[in-house]
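The values are calculated or read from the model by the stated rules, or taken from the named source; none is laboratory data. Predicted model, so just to flag it, every value in this text is computed and none were measured. No Cβ is skipped: glycine too gets one built from the backbone with ideal geometry, and neighbour counts run over all protein chains shown. What goes into the accessible areas is simple: the full protein's heavy atoms, side chains included, and nothing from ligands, DNA or RNA. Shrake-Rupley method; radii C 1.70, N 1.55, O 1.52, S 1.80 Å.
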Amino acid sequence: MVCGLAAGGNLDELVTQIERHRPSVVSVANAEKADELAERLRAQKISPLPSIHHGCEGMLTVATLSSVETVVSAAVGVVGLAATYQAVKLGKTVALSNKEVLVAAGELVMAAAKKAGREILPVDSEHNAIHQCLRAGKTAEVRRLVLTASGGPFRKTPLSAFDSVTPEQALAHPNWRMGNRITIDSATMMNKGFEIIEARWLFGMRSDQIDVVIHPQSTVHSFVEFVDGSILAQLGPTDMRMPIQYALTYPQRAASNQIALDWKKLKRLDFAAASTRRFPCLRLAREAMKKGGALPCALNAADEVAVAAFLERRLPFTGIAEVIESVLARTPRMTFENMADVLAADAESRRIAREEVTRLAVTAVAS
């Protein structure tokens, strides 16, 4: 049963879901969307109307409902961070598809999960794959985790062409259909940098135990190497329904006749090293993880601002990594004591990132 739904501004999809699931509580982006939703639901003669909330407080209301047992955290950005954190603290099962939660506040969130005695279940295909493979052994028996990456649309593009990459080219992912930001993050491989940080928190591994390899077919979603040399890999189609179902039905496996890997089309599996020269965001993510504190939070905030500027054609593709590196250099060392510290650091990092975008734009015009 669906108790609550939190959405942004896609009211068409939300109305359809409300009609189907009849949640008692829903939340949308802002007050205007809330009023519009109420009008549309009345026009559809949906009765009784759900309780309609909005903004961060609305997300918090949905995530902390007493009737809720499992919270699927899939909001893009830090907007879903506070609600997810409170759900973890309340001991709810969290199926996590929001990278920013652990990138920006991994230490706080995992400490809360440990205190509540609950496991965070990963929905991202790579971490979901590792979670499945780890069911075959103990954490102490693991030599390393290997996250696979498609390499995006530019794994073979000459480096000299990167300055002229357009948003349309970067959004043309060869394997997955995703939102704009994560698709650009795939093109820069910052998404894999975020996943390294996530894996560190989810599975309690050191940074030197987490590797990335390019796997253009996106068939092996990740694998685990154990100390005896055994390697377990999780394979599947490029279909997010599989990891979502796994997280929602864990520890059982529910049968499905809709998701299957077509072995007849599987001709080869290729793997290659991930170059930090081609993908400098991987290096920046590892550096932020190693230094810790506010650096991973700044990494995420700077990336979000830089990606938005690139999509708006105010920043070249190579400028994304430049902005992030500059923001990290300007971020002071600090330890987060609470979620307010995280949100303050996020806001300050975004301010600095906007400054850096402007600086690079002025420099480009001057040259």
Filter segment 312-346 for residues that are among the aliphatic types (A, V, I, L, M), touching a residue at least 12 places away in the same chain (Cβ under 8 Å), out of contact with any Asp or Glu (no Cβ under 9 Å at 6 or more places or on another chain) and open to solvent by 50 Å² or more (accessible area, probe 1.4 Å) and give the result.
-> 343
Count - residues of segment 242-269 that are within 24 Å of residue 211 (Cβ to Cβ), part of a loop (DSSP other than H, G, I, E, B) and open to solvent by 50 Å² or more (accessible area, probe 1.4 Å) | 2
Answer yes or no as to whether residue 352 is farther than 11 Å from residue 301 by Cβ, in a helix (DSSP H, G or I), modelled with pLDDT of 95 or more and open to solvent by less than 20 Å² (accessible area, probe 1.4 Å).
-> no
Test result for residue 300, surrounded by 14 or more Cβ atoms within 10 Å (Cβ to Cβ) and on the phi < 0 side of the Ramachandran plot = yes
Taking segment 194-246 and keeping residues touching a strand residue (DSSP E or B) at 6+ places or on another chain (Cβ under 7 Å), at pLDDT 95 or above, more than 22 Å from residue 104 (Cα to Cα) and of a type in the set (Gly, Ala, Ser) leaves 222, 233
Can you spot a residue in segment 279-287 that is assigned to a loop (DSSP other than H, G, I, E, B) and on the phi > 0 side of the Ramachandran plot?
-> no
Which residues, taken from segment 31-63, are at pLDDT 95 or above and among the polar types (S, T, N, Q)?
-> 51, 61
Residues within segment 166-182 that are farther than 22 Å from residue 238 by Cβ and surrounded by fewer than 14 Cβ atoms within 10 Å (Cβ to Cβ), tallied | 1
For segment 335-349, which residues satisfy the criterion of being among the acidic types (Asp, Glu) and not in a helix (DSSP H, G or I)?
-> 337
Find the residue count for segment 16-45, including only residues that are of a type in the set (Val, Ile, Thr) and either in contact with a Phe, Trp or Tyr (Cβ under 9 Å, 6 or more places away or on another chain) or open to solvent by 10 Å² or more (accessible area, probe 1.4 Å) (or both).
-> 2
Are there any pairs, at least 6 apart or on different chains, whose C-beta atoms fall under 7 Å, with the first in segment 285-299 and within 8 Å of residue 104 (Cα to Cα) and the second among the acidic types (Asp, Glu), and if so, which?
-> 297/346
Where residues in segment 88-126 are in contact (Cβ under 8 Å) with a residue 40 or more places away in the chain and over 19 Å from residue 243 (Cα atoms), which of them is nearest to the chain's Cα centre (by Cα)?
-> 103
Answer residue from segment 144-165, given it is touching a residue at least 40 places away in the same chain (Cβ under 8 Å), outside any helix (DSSP H, G or I) and more than 28 Å from residue 241 (Cβ to Cβ) and is least open to solvent (accessible area, probe 1.4 Å) among those | 165
If we only count strands (runs of 3 or more DSSP E) wholly inside segment 52-130, which ones have 3 or more residues that are among the aliphatic types (A, V, I, L, M)?
-> 93-96
Output the residues belonging to segment 207-249 that are within 21 Å of residue 98 (Cα to Cα) and of a type in the set (Ser, Thr, Tyr).
-> 207, 218, 222, 238, 246, 249
